[in-house]
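I have placed the structure first, in the form of structure tokens, so that the comments after it can refer back to it.
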Amino acid sequence: MTSFMLFVMVALFALSVPIAVAIVAASVGGIAFFTTMPLIVVAQKLMTSIDSFPLMAVPFFILAGNLMEAGGISRRLVDFAKSIVGNIQGGLACSCVLTCMIFASVSGSSVATTFAIGAIIIPAMIEHRYPKEFAAALQATSAELGVIIPPSIPMILYGVSAEVSIGEMFIAGIGPGLLIGGALTLFTYVTCKINGWGKDDAEGNIGFLKATERAALALIMPVIIIGGIYQGVFTPTEASVVAVFYAFIVGMFVYRAIGWRDVGPILRKSVLSSAVIMFIIAAAGLFSFLITRAGVPAAIGAWIAAAIESPWLFLLAVNLFLFVVGMFVETSASIIVLAPILAPVAMHFGIDPVHFGIVMIVNLALGMVTPPFGVNLFAACQVAGLSLEQIIGRLVPFVLVILACLMVITYVPEVPLFFRSLVY
């Protein structure tokens, strides 16, 4: 059944059928030809896949991102990042990564980061004569930091599934987030130098002190969101609602960039963006249900545990396995299914469960920027007005950079565990 569904799905992709429709069609075929389940299961699973309290954060963070964009908050964050790195060649592209790192500490969602920052950075980079495909690929990969730098919904799901402290997971995400952000910035700078892009990026930049003053309320936002979560004032999902109200109040009454007439279009834009992403998540949930019911993830996980004796080889095999899984299965579903299976095996090999959780999340986060289920790619393509095929060539080098960082995170546990050791 799994082979049949994969074949149908790939064939439909080749025919340019929309991603969510292709996944649902392949799943319906699998149910019809290989099971005795009634087709009403399709509707049920599409609904239950998005009937999740943590997933409520997705539309709220997208709305918060659109409010931040319309209210001038995202623009001030971008200007703040540009005041730090914008005066070098390629500084505008580097500020994309830095802004995503800051925004990630508010959003908890890579998709929201893609929309909120991409709507500003991608047109700006195009105006500065960067290739549109490069701008979209950079934004999609930088936005991955949204689920690595805390707060992070996948970290919460792993903590619950593997019975690991969510607070420790959040702290452990800081080191990998800084590593990946730094590596992407360095790679972006070198790429711009080699290709001669961004020589005039310093034009229009404002001074650091002025940018900090203008972005003060925007920079306070991560403190409120993360501080509230760490202090137990609200959950990450509730934090997304706080982010909406904060962005609305600041944009409407402080910066006065949003009028009452703007609220309708902002809500409409948020609903449409949320619908696209949630449809993909729902379709992926249906597909995940079927291959899980067929026992594919559990069988592969059990085989890895039985066939490998070395911790080094175990981590390598898990990385390869999760990289493939992340390409085909939605991140939340992968964590819920695989964490209870793989985390005990990792502990058997003497691997810290928090370290293993970070490895797992970084790996699966790559699935957000790799076809066919790369939700960040679809979001970036939507913002840039490109097709998926147009940015694949520019995307590959960024994926290789993140894979290199993943190897460091995997085999140098001090990277994720250093900050935890300072707190716990």
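Please compute the Cα-Cα pair-distance distribution of the range 135-190 with 5 Å bins starting at 0, giving whole percents from short to long.
With 5 Å bins starting at 0, P(r) equals 4, 20, 24, 19, 14, 10, 6, 2, 0.
Let me check the size of the range 40-100 from its C-alpha atoms; what are the radius of gyration and Dmax in Å?
Rg, Dmax (Cα atoms, Å): 18.1, 58.
Which of the peptides 322-329, 142-149, 412-419 is most tightly packed, and how do the rest follow, judged by the mean count of other Cβ atoms within 10 Å per residue?
Order by mean packing, descending: 142-149, 322-329, 412-419.
With a ≥ b ≥ c the root eigenvalues of the C-alpha gyration tensor of the range 288-358, is it rounded (a/c under 1.5), prolate (a/b larger than b/c) or oblate?
Since a/c reaches 1.5 and a/b is larger than b/c, the shape of the range 288-358 is classed as prolate.
Could you tell me how many degrees, from 0 to 90 and to the nearest 10, lie between the Cα long axis of helix 236-249 and the main elongation axis, the longest principal axis, of the Cα atoms of the chain?
Here the helix axis deviates by roughly 20 degrees.
Rounded, prolate or oblate: which one fits the range 179-218, using the alpha carbon gyration tensor with axes a ≥ b ≥ c (rounded when a/c is under 1.5, else prolate when a/b beats b/c, else oblate)?
Oblate shape, in that a/c is at least 1.5 and b/c is the bigger or equal ratio.
Among the listed pairs 82/269; 193/269; 199/269, which are separated by more than 31 Å between their Cα atoms?
Violating the 31 Å limit, Cα to Cα: 193/269; 199/269.
Roughly speaking, to the nearest percent, how much of the chain's 1.4 Å accessible area is carbon and sulfur?
So the carbon and sulfur contribution to the accessible surface is 69 percent.
When Lys and Arg each count +1 and Asp and Glu each count -1, what net charge do the other residues less than 13 Å away from residue 92, Cβ to Cβ, add up to?
-2
From the Cα gyration tensor of the range 176-258, with a ≥ b ≥ c the square roots of its eigenvalues, which class applies: rounded if a/c is under 1.5, or else prolate if a/b is larger than b/c, or else oblate? All intermediate terms of the calculation are to be shown ahead of the outcome.
Details: a/c = 2.92, a/b = 1.53, b/c = 1.91.
Oblate shape, in that a/c is at least 1.5 and b/c is the bigger or equal ratio.
With every protein chain left in place, what is the accessible area per residue of the chain in square angstrom, probe 1.4 Å?
Per-residue value: 40 Å².
Pick from 398, 103, 34: which residue has the top mean-square fluctuation in a GNM of the chain where Cα pairs under 10 Å get a spring?
34
Just from its helices, what would the mean residue ellipticity at 222 nm be for the chain, if runs of 4 or more DSSP H residues each count -39500 (n - 2.57) and the sum is divided by every residue, rounded to the nearest 500 deg cm²/dmol? Walk me through the intermediate numbers first.
Details: 22 runs with 328 residues, N = 424.
Helices in the chain give a 222 nm mean residue ellipticity of -25500 deg cm²/dmol.
Along Cα→Cβ, 7 Å out, is where each label goes; now give me the distance between the ones at residue 17 and residue 47 in nm to one decimal.
Each label point is offset 7 Å from its Cα along the Cβ direction, giving 2.4 nm.
How many nm separate the modelled label positions at residue 312 and residue 200, each set 7 Å beyond the Cα in the direction of the Cβ?
Placing both labels 7 Å along Cα→Cβ, they lie 5.3 nm apart.
What net charge is computed for the residues neighbouring residue 342, neighbours being all others with C-beta under 14 Å from the C-beta of residue 342, Lys and Arg scored +1, Asp and Glu -1?
Summing Lys and Arg as +1 and Asp and Glu as -1 gives -2.
Would you mind counting up the charge near residue 172? Only other residues with Cβ under 14 Å from its Cβ, with Lys and Arg at +1 and Asp and Glu at -1.
-2
Just how much of residue 56 is accessible, in Å², when a 1.4 Å probe is used and the result is rounded to the nearest 10?
The accessible area comes out at roughly 80 Å².
Given q = 0.19, 0.25 Å⁻¹, what are the Debye log10 I(q)/I(0) values for the range 250-313, with equal point scatterers placed on the Cα positions and solvent ignored?
-0.85, -0.98
Ranked by accessible surface with a 1.4 Å probe, highest first, in what order do 360, 407 come?
Numbers: 360 0, 407 70 Å².
Ranked list, largest accessible area first: 407, 360.
Quote the convex hull volume per residue of the chain, based on C-alpha atoms, as a whole number of Å³.
So the per-residue hull volume is 137 Å³.
Would you mind telling me which residue in 157, 209, 364 has the biggest mean-square fluctuation in a Gaussian network model of the chain, where springs connect alpha carbons within a distance under 10 angstrom?
Fluctuation is largest for 209.
Between residue 160 and residue 249, what's the calculated FRET efficiency when r is the beta-carbon distance and R0 is 25 Å? Round to 0.05.
For residue 160 and residue 249, the calculated efficiency is 0.20.
The values are calculated or read from the model by the stated rules, or taken from the named source; none is laboratory data. Because the structure is a prediction, the values reported are computed rather than measured. With ideal geometry, Cβ positions are generated from the backbone for all residues, glycine too; neighbour counts draw on all protein chains shown. The protein model used for the area step is the full one, side chains on, heavy atoms only, and it has no ligands, DNA or RNA in it. Shrake-Rupley method; radii C 1.70, N 1.55, O 1.52, S 1.80 Å.
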